[in-house]
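Asks: Dumping the structure here so I can ask a few things about it.
The values are calculated or read from the model by the stated rules, or taken from the named source; none is laboratory data. Since we're looking at a predicted model, the values are computed, not measured. As a convention, Cβ positions derive from the backbone with ideal geometry for all residues, glycine included, and neighbour counts pool all protein chains shown. Ligands, DNA and RNA are excluded from the accessible area calculation, which covers all protein heavy atoms including side chains. Shrake-Rupley method; radii C 1.70, N 1.55, O 1.52, S 1.80 Å.
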Amino acid sequence: SVSPSRKIVIRNKSPSLITLYWLSIPHQKYVRQQTSVTYPLDRLNINSFVGHTFAAVEITKDCVLPDGFTKPYDDSELKTPSTKICTESHFTVSSNTDQIIIVSGTGSKFKAELDDDVSRVNNILDSVFEVCEDTECLRESLKVTVSDLLKKNTLEKDIRENMAGLIEDYTCNDLGIDTSASLKNITWKNEEEIERDVKVLFESKNAEVHIIYDFISPEECAEVEKRSKKSLHRATVASSDGGSEFSENRKALQASVKIPLEKPDDPITLLTKRIYAYTNDHTNYNLTLEGQEDIMSIQYTGCGINCDEKRDRYMPHCDGECGGDEYLSGSRVATIVIYCKVPEIGGGTNFAKSNLHIKPEAGMATWFRYVGGMEVEEDGRVVGETDGGYSEHSGCPVVEGEKKIVTQWMRAGVSKEEPWDSFNTKGLKKKDVERFKEITGDWGSNGEL
Ligand SMILES: O=C(O)CCC(=O)C(=O)O
Ligand SMILES: [Fe+2]
């Protein structure tokens, strides 16, 4: 198969002139990539393919280019013609969408490397270790670097939070916008032996967003719709007292559909098994099917381009907690939104704080998780850390046509004995809430539990 093409930027931060060669496959022959040279502080843009290897070559007066090409220097002043081969450094095109190669140093320190997080961390560590000999020095040196990074992080987080609302409206209204570029493309096969294409759109310690193609069949969609038809009602959101309420933030119809676990061949059971298999294959969550919430059928209807009623939508929210706090056992850890019917206009799914937009396609699913570092304690309680906001998402206003989705909100720490509804929407066990109330009596009943 042909490997995908990539745009690459090579930035020359070395003090020397450089030139670029492609090491042709399979003979590793040097093929010149530019007719001239790249000056210090200048950059070079090339189009290449994943897996191709290049050599950045440092041009100095006393060296010979790998292909013997005439150099820009006039070396007639050299007493004896040089035989030394110019210093070179190799890099290989990865599957990252944006690739910046930084060429730096000179002589034995000349290097070309991908400007990714790993090489950035290594460069910081190199510079720290270069000057330090004892741990006290390392500590002081790293303190400066890390506090600088944290400052930058706080500033950028504030900007992100402030911009998120604007990005949301802008993105939802931009009808030409497509699904965001993926970090990597993978496939997933479960015991049904069907291979599905997956795009990983976002990855961090405590959160991830994937899209999975052909996750549901039209027959399965029809089955969900059939079972939810009679009970469709106005959707609610979690309220501050741990219950649920109607809200302008969520305009849609919904109906829950029971998962008949006692019937292993029921289409809804099979769909649910696929959902949990996907989650368990891509996390260490090890979720059980028992004690989980029902699946939810959600429908949004567009009232047309010229209608000025409030449109059906789901404003930015997190399905579980996303304040970066400790995870509460029994609460939600991951979600799958499966698209059965997509509207003609509108209805995208946005993750504004991770700069992601998803344009739904019928049959496709958006899967995301929002707890990291998960571990199970001896007493069965699940601990971990919640995502700090990357997993916040929304359903954009539906303008024209209908959007029908199936959502499964997944929980950890639930079981047959302690199912999801033995916890309130804040993740507290209802029986603990009762116990707290007994302890505090009237004094504590401020409605906050
Ligand atoms: O409608 C969408 O695209 C998002 C739905 C959603 O956020 C949910 O069901 O929790
Ligand atoms: Fe949601």
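Asks: What number goes with the only condition from (1) at pLDDT below 90; (2) in contact with a strand residue (DSSP E or B) (Cβ under 8 Å, 6 or more places away or on another chain); (3) in the same structural domain as Arg313 (by TED's automatic domain parsing) that Glu192 does not pass?
Replies: The failed condition is (2).
Asks: Given the conditions (1) more than 22 Å from the chain's Cα centre (by Cα); (2) open to solvent by 20 Å² or more (accessible area, probe 1.4 Å); (3) not β-branched (Val, Ile, Thr), report the number of the one that Gly291 does not fulfil.
Replies: (2)
Asks: Could you tell me which numbered condition Phe368 fails, if it satisfies all but one of (1) of a type in the set (A, V, I, L, M, F, W, C); (2) in contact with a helix residue (DSSP H, G or I) (Cβ under 8 Å, 6 or more places away or on another chain); (3) modelled with pLDDT of 95 or more?
Replies: (2)
Asks: Right, another one. Check Lys205, Lys157 and return the single one that is outside the structural domain of Gly346 (by TED's automatic domain parsing) and farther than 15 Å from Thr279 by Cα. Spell out how you get there, then give the answer.
Replies: Details: Lys205 fails: outside the structural domain of Gly346 (by TED's automatic domain parsing).
Residue meeting the stated conditions: Lys157.
Asks: Okay, moving on. Quick one: count up the residues across segment 4-34 that are over 20 Å from Gly105 (Cα atoms) and assigned to a loop (DSSP other than H, G, I, E, B).
Replies: Number of matching residues: 7.
Asks: When segment 324-349 is examined, which residues are found to be within 14 Å of ligand 2 (Cβ to nearest atom) and under 21 Å from Ser297 (Cβ atoms)?
Replies: Arg332, Ala334, Thr335, Ile336, Val337, Ile338, Tyr339, Gly347, Gly348, Thr349
Asks: Let me ask you something else. Any idea which of (1) open to solvent by 20 Å² or more (accessible area, probe 1.4 Å); (2) at pLDDT below 95; (3) under 19 Å from the mean Cα position of the chain (by Cα); (4) within 14 Å of ligand 2 (Cβ to nearest atom) is the one Arg313 doesn't satisfy?
Replies: (3)
Asks: Name, by its number, the condition in (1) more than 11 Å from ligand 1 (Cβ to nearest atom); (2) within 30 Å of Glu219 (Cα to Cα) that does not hold for Tyr314.
Replies: Checking Tyr314 against (1) more than 11 Å from ligand 1 (Cβ to nearest atom); (2) within 30 Å of Glu219 (Cα to Cα), the one that fails is (1).
Asks: Within segment 243-252, identify whether any single residue is open to solvent by less than 50 Å² (accessible area, probe 1.4 Å) and of a type in the set (Phe, Trp, Tyr), and answer yes or no. Give the derivation first.
Replies: Here is the first cut: in segment 243-252, the residues open to solvent by less than 50 Å² (accessible area, probe 1.4 Å) are 243, 247, 250, 252.
Applying the additional criterion that residues be of a type in the set (Phe, Trp, Tyr) yields none.
No, there is no match, as no residue in segment 243-252 is open to solvent by less than 50 Å² (accessible area, probe 1.4 Å) and of a type in the set (Phe, Trp, Tyr).
Asks: Away from ligand 1 (no atom under 13 Å from the Cβ), in the same structural domain as Ala235 (by TED's automatic domain parsing), open to solvent by 60 Å² or more (accessible area, probe 1.4 Å) and in contact with an Asp or Glu (Cβ under 6 Å, 6 or more places away or on another chain), is that true of Lys258?
Replies: On the way: away from ligand 1 (no atom under 13 Å from the Cβ): yes; in the same structural domain as Ala235 (by TED's automatic domain parsing): yes; open to solvent by 60 Å² or more (accessible area, probe 1.4 Å): yes; in contact with an Asp or Glu (Cβ under 6 Å, 6 or more places away or on another chain): yes.
Taking the combined requirement at face value, the residue satisfies it.
Asks: Out of segment 378-434, which residues are open to solvent by 50 Å² or more (accessible area, probe 1.4 Å), within 24 Å of the chain's Cα centre (by Cα) and within 16 Å of ligand 2 (Cβ to nearest atom)?
Replies: Tyr390
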